[in-house]
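Sharing a structure, written as structure tokens. Questions coming.
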Amino acid sequence: MGVIKIFKLVNERPRIIGVALVFFSLAFIWQLGTPSYAATKVPDETVSVVLKPRNQTKLFKLVYNTSNPSSIKYHKYLEPTEFANRFGAESNTVKQLNSYFKKYHLVTKPKKGNLVLLVTGSKQNLARAFHVTLIKSQNDGVSYRKMLGKPRLTKKLTNKILLVSGLSRYYAVSSRYAQQPASLASKIQSSHANDGYSPMKFVNHYGVKSLYESGNSGRSKTIGIISFANYHYADAYHYWKSVGINVRANRLSVSRTSGTKDNWANAEETTLDVEQAGAIAPDAFIRTYIGNPDTTGMISSLANAVAENRASVLSISWGQSEATLANEIRLGITPTKYNEALNLLFAQAAVQGISVLSASGDNGAYDGVLEGNQSGLSVDFPASSPFVTAVGGTTLSTHQWVNHKRVITKKERAWGTDIVNPSTTTSLSFNNLSKLTKYFVGGGGGFSKFNSTPKYQLGVSGVNTFAAIKKWSFTDNRIVRVVSEPQKYGKSTGRNLPDISANADPVTGYSMYVSGSKDGSDGSWYVMGGTSLAAPQIAASLLLVGDDNGSRLGFVNPIMYKLAQSANSPFTPLDSAENNNNLYYTGQPGKLYNQATGLGTVNFGKLSMAIKNNY
């Protein structure tokens with residue numbers, strides 16, 4: 001790698017608005033020589049109504065059966081219409097809801113599968129239909145719209161609804177409570193494509209090359225990207241051409257929810273996802289699902305992707321810490337059953353054969369610390385869902401100069417900046433973002449407080465036990481560096497994450513080309529890192545594994561955890577307890593799993609062969 005000029009650090013999750021600012025233009029209309037003003041139309045809003053499923057217990061059982069080779073349901077996937085008939089809300093319920101909302105001059109759009117109904121109309125009509133009052137509120141300097149009362153329709157229809165999202169929402173000045181890229185750890189401007197690693201580094205290092213040699217390139221398959229910002233097609237094509245990857249001219253497409261046409265904040269995140277996924281699976285189509293950067297946008301984008309059923313894999317690089325979400329729920333911003341709703345959509349994806357991968361975050365074991373999380377340890381959501389594959393981060397072998405000293409990483413390890421930061425006493429304010437972005441960088445991982453330990457993790461050595469080095473103490477509204485704290489061991493419970501990991505350190509990062517502006521005039525090369533870089537790479541790799549096996553992989557986690565315990569495992573556990581941590585959790589020597597890197601790294605060629613031989 002050449003000499004790189006540091007341009008801009010964005011480990012602080014970029015400030016993203018929850019609703020777009022509407023700038024009212026003052027248009028003069030001249031009539032009979034007298035000026036008057038054109039009335040400005042207030043844009044309609046869309047809320048997501050998540051319906052209660054039928055037979056939820058049977059649905060979750062089917063999710064596991066589609067991943068169980070001993071089951072007659074193994075890899076027998078449903079179409080969205082089949083899902084609706086078996087597990088979605090009854091068609092008559094959807095018709096009754098359509099009729100109800102029509103009375104309030106609202107437009108409804110049911111998504112295939114009958115789990116989500118999008119309802120669009122004026123703010124006033126939405127409030128009347130749901131019998132709530134909408135007020136402006138503030139918390140800790142953040143403005144948001146709060147809903148007074150619980151959403152209700154008729155008693156019969158209210159009982160059919162799991163949650164309503166979008167009545168409470170963030171204002172444009174808000175940043176703390178919006179969806180955030182789950183990584184995007186560092187963006188370093190460079191002069192050309194060769195300053196960072198090319199996709200071939202990933203291909204060669206993680207065993208993808210053998211899949212190419214077997215003729216797998218993703219042809220006629222689709223990778224779905226869940227995102228909340230637009231991007232320029234031209235950037236992706238320029239990137240692939242510059243790194244020597246030949247692609248078809250019509251491989252890119254976008255599905256947007258209403259009101260997202262001008263979302264350009266964090267365009268680099270979407271661009272990164274598309275470029276990396278498209279590089280690893282060069283013949284696959286890439287379809288991006290873009291929603292507003294809030295919980296309603298997450299629900300609607302996922303519902304769109306699952307309803308279309310075009311993508312064999314979905315990659316999500318955005319999320320929030322569970323600590324932040326818990327606070328949102330307390331304030332009434334986010335529905336109480338948001339976690340349950342997304343788990344249902346992920347379950348629908350699973351029984352349709354769609355693999356879902358999510359970045360685990362870039363603040364190490366302290367997810368959300370840059371968003372105001374003062375509670376200490378936390379993990380990222382939706383990576384903490386048991387129905388997604390959570391992607392963690394590693395650092396490749398390298399050397400770098402820190403404070404005039406050469407720091408050597410001899411072998412791949414968990415990604416965490418402790419190795420390059422001095423171990424002297426440091427006290428940080430939560431408002432000192434420049435310092436926080438220096439110290440709190442690493443792959444996300446830990447224990448979920450939202451979801452219990454899934455059965456595919458139970459019994460795997462290292463799951464629900466941990467080894468850790470406490471480096472930070474969260475006290476008195478400050479974060480204090482702990483010096484000479486002995487290693488600690490313990491037990492915990494909850495969904496353990498991540499599941500698997502790959503290179504995410506910007507020091508050993510990959511090149512990308514991006515234009516952040518709407519007109520695309522500021523295209524530049526950068527060197528990037530982050531778990532949101534690893535997530536689309538792994539999503540594309542799993543697409544190729546499915547290609548090699550002649551089927552969608554679907555819910556792949558149970559298979560991976562089972563294979564990790566086999567004699568010829570395709571996983572390399574990073575189990576060392578020395579210089580191998582994500583700022584808290586370390587490897588567990590001799591155990592298959594740890595909360596810094598999960599099952600470790602994957603050889604995707606060996607994974608594909610193991611699935612063929614064992615299933």
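Once R0 is set to 41 Å, what does the formula 1/(1 + (r/R0)^6) return for the Cβ-Cβ distance between Asp476 and Lys591, expressed as a FRET efficiency to the nearest 0.05?
Computed FRET efficiency for Asp476 and Lys591: 0.70.
Moving to a separate point now. Which helices pass in the chain if a helix is a full DSSP H run, must span at least 18 angstrom along its long axis by Cα, and must have mean Kyte-Doolittle hydropathy not below -0.5?
Sorted by number, the helices that extend far enough and score high enough are 267-280, 295-308, 338-351, 531-549.
Taking a probe of 1.4 angstrom, what is the accessible area of His238 in Å², to the nearest 10?
Number for this one is 80 Å².
Taking only protein heavy atoms and a 1.4 Å probe, what accessible area per residue, in Å², does the chain have with all protein chains in place?
39
Could you let me know the centre-to-centre spacing of the stretch 426-460 and the stretch 240-280, using Cα atoms, in angstrom?
About 28 Å separates the Cα centre of the stretch 426-460 from the one of the stretch 240-280.
Rounded if a/c is under 1.5, else prolate if a/b is larger than b/c, else oblate: which is the stretch 272-408, with a ≥ b ≥ c the root eigenvalues of its Cα gyration tensor?
oblate
Using the Cα gyration tensor of the stretch 399-556, with a ≥ b ≥ c the square roots of its eigenvalues, what is the shape: rounded (a/c below 1.5), prolate (a/b larger than b/c) or oblate (neither)?
Since a/c reaches 1.5 but b/c is at least a/b, the shape of the stretch 399-556 is classed as oblate.
Roughly how many Å² of Lys109 are accessible to a 1.4 Å probe, to the nearest 10?
So the heavy atoms of Lys109 present about 120 Å² to solvent.
Please go through the residue pairs Lys411/Lys491; Lys411/Lys591; Lys146/Lys337; Lys103/Lys155; Lys73/Lys591 and name each one whose alpha carbons sit more than 20 Å apart in this structure.
Lys411/Lys491; Lys73/Lys591
So, with a 1.4 angstrom probe, what is the percent of accessible area on the chain that is carbon and sulfur?
Of the solvent-accessible surface of the chain, carbon and sulfur hold 51 percent.
Here is a follow-up. Once you sort the root eigenvalues of the Cα gyration tensor of the stretch 501-615 as a ≥ b ≥ c, which label holds: rounded (a/c under 1.5), prolate (a/b larger than b/c) or oblate (the other case)?
The shape class here is oblate.
If you take Cα extents along the principal axes in Å from the coordinates, which of (i) 163, 61, 40; (ii) 77, 59, 51; (iii) 70, 63, 48 do you get?
After the calculation, the listed value that fits is (ii).
Let me ask something additional. Sort Arg251, Arg152 by heavy-atom solvent-accessible area, probe 1.4 angstrom, most to least.
From most exposed to least exposed: Arg152, Arg251.
Then there's this: What residues of the stretch 41-62 lie in the reach of a label at Glu82, counting those whose backbone N is under 19 Å from a point 7 Å from the Cα along Cα→Cβ?
Under cut-off, by backbone N: 54-62.
Among Val306, Leu59, Val42, pick out the residue whose Cα is farthest towards the positive end of the charge dipole of the chain, where Lys and Arg carry +1 and Asp and Glu carry -1 on C-beta, about the Cα centre.
Leu59
Where nothing but the Cβ of Lys and Arg (+1) and of Asp and Glu (-1) is charged, how large is the charge dipole of the chain around its Cα centre, in debye to the nearest 20?
Its charge dipole is roughly 1740 debye.
Calculated from DSSP H runs of 4 or more alone, at -39500 (n - 2.57) each and per residue, what is the 222 nm mean residue ellipticity of the chain, nearest 500?
After summing the helix terms and dividing by the residues of the chain, the value is -7500 deg cm²/dmol.
A follow-up question, please. Taking the simple approach of a point 7 Å from Cα along Cα-to-Cβ for both Asn431 and Asn614, what is their distance in nm?
Once both label points are built, they end up 5.3 nm from each other.
Separate question: Can you list the HN-Hα couplings for the stretch 513-528, worked out from phi with the Karplus curve (6.51, -1.76, 1.60; θ = phi - 60°), rounded to whole Hz and with x for Gly and Pro?
Values, residue by residue: 10, 8, 10, x, 7, 5, 8, x, 8, 10, x, 8, 8, 9, 10, 10 Hz.
Find which of Val483, Ala277, Leu78 sits farthest along the positive direction of the dipole of the chain, computed with +1 on the beta-carbon of Lys and Arg, -1 on that of Asp and Glu, about the Cα centre.
My answer, from the dipole projection, is Leu78.
Can I ask one more? Toward the positive end of the charge dipole of the stretch 462-583, about the Cα centre and with charges on Cβ (Lys, Arg +1; Asp, Glu -1), which of Met560, Trp472, Ala502 goes farthest?
Trp472
The values are calculated or read from the model by the stated rules, or taken from the named source; none is laboratory data. What you see is a predicted model; the values in this text were computed from it and never measured. Note that each Cβ is placed from the backbone with ideal geometry, even for glycine, and that neighbours are counted across all protein chains shown. Ligands, DNA and RNA are stripped out before the accessible areas are found, and what is left, the full protein with its side chains, is counted by its heavy atoms. Shrake-Rupley method; radii C 1.70, N 1.55, O 1.52, S 1.80 Å.
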